Amino acid sequence: MVEAFLKAAVWGTPDRTLRELDERRPAVGEFELCTCFRFDGAPYELAERSLRLYAKEVLPVLKSAGAPAAAAAR
């Protein structure tokens, strides 16, 4: 069960996260990502560091790539 969850979830370093998202896009098209930075009682400080790293390293790349569906909805 854990192995299946880890295969389905996008997690890891910013580079790994971006790579995983790029690999999925051809199969599923444009999609919205639902993120969670705190699992199973992880310390809040760790979740906050993860969130800040994601905001600094991943979000700018995603925004620069553009999201046609999100832009059309605005």
Just the residues that are open to solvent by less than 60 Å² (accessible area, probe 1.4 Å) and either of a type in the set (Phe, Trp, Tyr) or not in a helix (DSSP H, G or I) (or both), please, taken from region 10-23. Val10, Gly12
Pairs with Cβ under 7 Å, 6+ apart, first in region 1-30 and modelled with pLDDT under 90, second part of a loop (DSSP other than H, G, I, E, B): Glu30/Ala67
In region 24-56, which residues are of a type in the set (D, E, K, R) and either loosely packed, with under 10 Cβ neighbours inside 10 Å or in a loop (DSSP other than H, G, I, E, B) (or both)? Glu30, Glu32, Arg38, Asp40, Glu45
Determine which member of the set Ala72, Ala55 is modelled with pLDDT of 90 or more and of a type in the set (Gly, Ala, Ser). Ala55
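The values are calculated or read from the model by the stated rules, or taken from the named source; none is laboratory data. This is a predicted model, so every value here is computed, not measured. Cβ atoms come from the backbone with ideal geometry, glycine included; neighbour counts cover every protein chain shown. For the accessible areas, the whole protein counts, side chains as well, though only heavy atoms, and no ligand, DNA or RNA atoms are used. Shrake-Rupley method; radii C 1.70, N 1.55, O 1.52, S 1.80 Å.
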